[in-house]
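Inspection log for the structure reproduced underneath, given as structure tokens.
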Amino acid sequence: MKLWYRQPARKWTEALPIGNGRFGGMIFGKTAEEVIQLNEDSVWYGGPQDRHNPDAAANFPKLRQFVMQGKIEEAQHLARMAFTPVPKFFGPYQPLGDLTLWFAGHEGEYSDYSRELDLETGIVSISYKMNGAHYRREIFSSAADQVIVVRLECDHPAGLNFSANLSRRPFEGETRSDNGDSLVMSGQCGPNGIRYSVLAHGFCEGGVLRTIGDFISVENALKATLILASGTTFRHPDPLQVCRRQVWDAQRKGFTDLLDDHIREYRSFYSRVTIDLGGSDKSAEPKRADADNGADFAATVETLPTDVRLKRVQSGQDDPGLVALYFQYGRYLLISSSRPGTLPANLQGIWNDQFKPPWESNYTTNINLEMNYWPAEVCNLAECHQPLFDFVDRLRVNGRKTAREVYNCGGFVVHHNTNLWADTVINGTNVRAATWPTCAAWLALHFWEHYRYGGSLSFLAERAYPTMKEAAEFFLDYLVEDKQGRLVTGPSISPENRYLLPNGAVGYLCMGPAMDMQMLHSLFSNCVEAAEILGCDEEFAGRLNEAIERLPEPKIGSQGQLLEWQEEYREPEPGHRHISHLFALHPGEMITPNRTPELAKAARTTLERRLANGGGHTGWSRAWIINFWARLGDAEQAHDHVLALLRVSTNPNLFDEHPPFQIDGNFGGAAGIAEMLLQSHAGDIRLLPALPKAWARGKVCGLRARGGMEIDLEWEVGRLQKAVIRASLDGNCRLRNETSLSVSCNGATVQTMSPDSSVQQFAVEAGKAYTITPSS
């Protein structure tokens, strides 16, 4: 479980990421001039603003009337003027700066170079030989101590000679030496923006460490350690004081304890899940020289670097071991970019080297932010979900104001982009993307999923249900009756997609797009279930049930496809990257092959039509498609798209490529691989529901299922050999499987019930483990 390379990174998407959820770096591994590009999750340009358009509320009734009357062009013209914010855009997420190391005498040739990221320790290592000496570096970002640690070693006495500097460009602030052994860089991110501080402190074994100008100089040392801390006024009024305390505490520990504590804390998350899909990182061919000399084949098989393995897959080969690595890398990235107490992972996680990054590297809530958290529960990283919940708490505060001032509605509303300050107004001038008031519903469903996996009644009562209820309250006010007596949202959009009007013009504003209706069905139904569990809000639940009965159902079009809008339109881009009207298939669960076969067939047709017209051309879209095919039980299609994700949309460092880099594809891809191995939606648990032929043998341990269960799976020749289900809650386990299974607990047979021929159901007790094997 390592990403490794035989050469330094030449560009940012070859560098290796580290992070502790808040403080991250990208490591290039250069020999003469090393660069560690730094990020801190709260470094955003500019401060909070009230950007509500003062004319929005007065024009909302007219805008809705235009859309309901079919005057789409007039509506879109008005929306751009009356609904877009003032000012139009908020500031971007930005880099913190660079730590650059210059190594004296390292401009020459080097040998035996290796650069790696060990997923099992969260450590990046660089090793090479030069001028008769062996140089080694280890870099990690410690959540235990909230610092980045850079360790440098040389096996030659007095062999370490380098200078280190902190910089940021453009830069408004100061860099200076501090106490003769440290550097400080401080500044501010734009008018009214946060102020930040970075402190780099060093110590060495042998030799001398001192500051010269705004550099740390290490001379004639055997070993050296740099400790970096960072902070901003988003969290602390005096971030430099906090940095000094963190560095001081870290220095007192010493490198060995820093390393041990980092590995121990990191592994408490990472080691929960292991995976083996077969395959390896070994070449299928012996090294040519050894083979020509008749050497034993097994002894000459070569371990392949990650970029070479990726190129082989991109040339048409398969590599199940690389898929397993990609899955665990997705878990690593979530651990490294989202921890309790941090901000949620943005479009790039926490890693960004641009001061004007694509889409501001913001929180895009019409799928991207949600996709970032698809692997959190199933991949046994539930705590990593916490930053999203904390962020939504802040969105609720601002979203109440937006709901009231723009729509004259209760509850809270969120539109398709937000930022550090939890902005909830429509963002930008692109009405086709921005005029979507349904994001709060999707975000609220994440709270429900966290409850379904973990079963905490206190979380349901104190966090999940209040959020879900407040999101639902907005829509009870926002829904309007159409000509057929149905309740629909509007004006709204089907995220970022367009349709053709009869006169050939392009439309995007609409009433009741399919995604909205599916999402509200899920939100309202789950609110009702939560109220029943908690024994509260009977009257409110009754209102929701009445509304559910009046929501439009999914409709099938003339080509057998699910309709994206309430009417069947021609589309200018039939291969659009968003496939929003399949929300009911994934991550929703209104559509399943066994319960709604006609709708599942229509979902398949929709996918086939999208793909036939070039769909899936962005990394995150391809990741969603993996999940769709997995839910449909089509293992080979799901596998084809896993390979397509690697072949078309993956950088040498395995970062997802939109293009450009976006991290959502990494998270969606990891979730899709998990979905192929285990599903637990719609009341059923499915073991190996979409196992492709290429993964004929394998094992996965530690995946989570809804209902408080942790599951291990082993299979051979494409068939389940053994599963172990560990229950953390009392309840029922309902297995849906095509063949009969035997269940035992502590060696004793557990009796099962079969409500239908493909289901076996049995009671589970918290703290007990149940072994599942094929019936003989």
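The values are calculated or read from the model by the stated rules, or taken from the named source; none is laboratory data. Not measured: the values here are computed from a predicted model. No Cβ is skipped: glycine too gets one built from the backbone with ideal geometry, and neighbour counts run over all protein chains shown. Side chains included, ligands, DNA and RNA excluded: accessible areas come from the protein's heavy atoms. Shrake-Rupley method; radii C 1.70, N 1.55, O 1.52, S 1.80 Å.
A few points about this structure:
- Only one entry of 609, 622, 595, 604 meets the criterion of being touching a residue at least 60 places away in the same chain (Cβ under 8 Å) and open to solvent by 10 Å² or more (accessible area, probe 1.4 Å), and that entry is 595.
- Residues of the stretch 229-246 that are out of contact with any helix residue (DSSP H, G or I) (no Cβ under 6 Å at 6 or more places or on another chain), closer than 10 Å to residue 196 by Cα and open to solvent by less than 30 Å² (accessible area, probe 1.4 Å): 230, 239, 240.
- Assessment of the stretch 386-407 against the conditions (under 25 Å from residue 76 (Cα atoms), outside any helix (DSSP H, G or I) and among the aromatic types (Phe, Trp, Tyr)) yields no matching residue.
Conditions tested, residue by residue: (1) under 24 Å from the mean Cα position of the chain (by Cα); (2) outside any strand (DSSP E or B); (3) more than 20 Å from residue 162 (Cβ to Cβ).
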| site | (1), (2), (3) |
| --- | --- |
| 113 | no, no, no |
| 120 | yes, yes, yes |
| 124 | yes, no, no |
| 137 | no, no, no |
| 141 | yes, no, yes |
| 144 | yes, yes, yes |
| 148 | yes, no, no |
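- The residues of the stretch 78-104 that are over 27 Å from the mean Cα position of the chain (by Cα), closer than 30 Å to residue 126 by Cβ and either of a type in the set (S, T, N, Q) or open to solvent by 50 Å² or more (accessible area, probe 1.4 Å) (or both), listed by number, are 100, 102, 104.
- Considering residues of the stretch 1-34 that are in contact (Cβ under 8 Å) with a residue 60 or more places away in the chain, in contact with a Pro (Cβ under 6 Å, 6 or more places away or on another chain) and outside any strand (DSSP E or B) only, the residue surrounded by the most Cβ atoms within 10 Å (Cβ to Cβ): 29
- Failed item in (1) open to solvent by less than 20 Å² (accessible area, probe 1.4 Å); (2) in contact (Cβ under 8 Å) with a residue 60 or more places away in the chain; (3) over 25 Å from residue 345 (Cβ atoms); (4) not in a loop (DSSP other than H, G, I, E, B), with residue 682 passing the rest: (4)
- Test: residue in the stretch 219-228 that is part of a loop (DSSP other than H, G, I, E, B), out of contact with any Cys (no Cβ under 9 Å at 6 or more places or on another chain) and surrounded by fewer than 22 Cβ atoms within 10 Å (Cβ to Cβ): no
- Members of the stretch 636-664 found to be outside any helix (DSSP H, G or I) and among the hydrophobic types (A, V, I, L, M, F, W, C), listed by number: 654, 655, 661, 663
- Scanning the stretch 43-70 for residues being touching a helix residue (DSSP H, G or I) at 6+ places or on another chain (Cβ under 8 Å) and either at pLDDT below 95 or part of a loop (DSSP other than H, G, I, E, B) (or both) gives a total of 3.
- Within the stretch 583-601, the set of residues being touching a Ser or Thr at 6+ places or on another chain (Cβ under 9 Å) and within 17 Å of residue 555 (Cα to Cα) comprises 583, 584, 585, 588, 589, 590, 599, 600.
- Neighbours by Cβ (under 7 Å, 6+ apart or cross-chain): first from the stretch 748-776, more than 11 Å from residue 733 (Cβ to Cβ); second of a type in the set (Ser, Thr, Tyr): 766/728; 771/744; 773/742; 774/739; 775/740; 775/742
Yes/no matrix, rows are residues, columns are (1) open to solvent by 10 Å² or more (accessible area, probe 1.4 Å); (2) outside any loop (DSSP other than H, G, I, E, B); (3) touching a residue at least 60 places away in the same chain (Cβ under 8 Å):
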position: 384; (1), (2), (3): no, yes, yes
position: 413; (1), (2), (3): no, no, yes
position: 422; (1), (2), (3): no, no, no
position: 441; (1), (2), (3): no, yes, yes
position: 446; (1), (2), (3): yes, yes, yes
position: 450; (1), (2), (3): yes, yes, yes
position: 459; (1), (2), (3): yes, yes, no
position: 464; (1), (2), (3): no, yes, yes
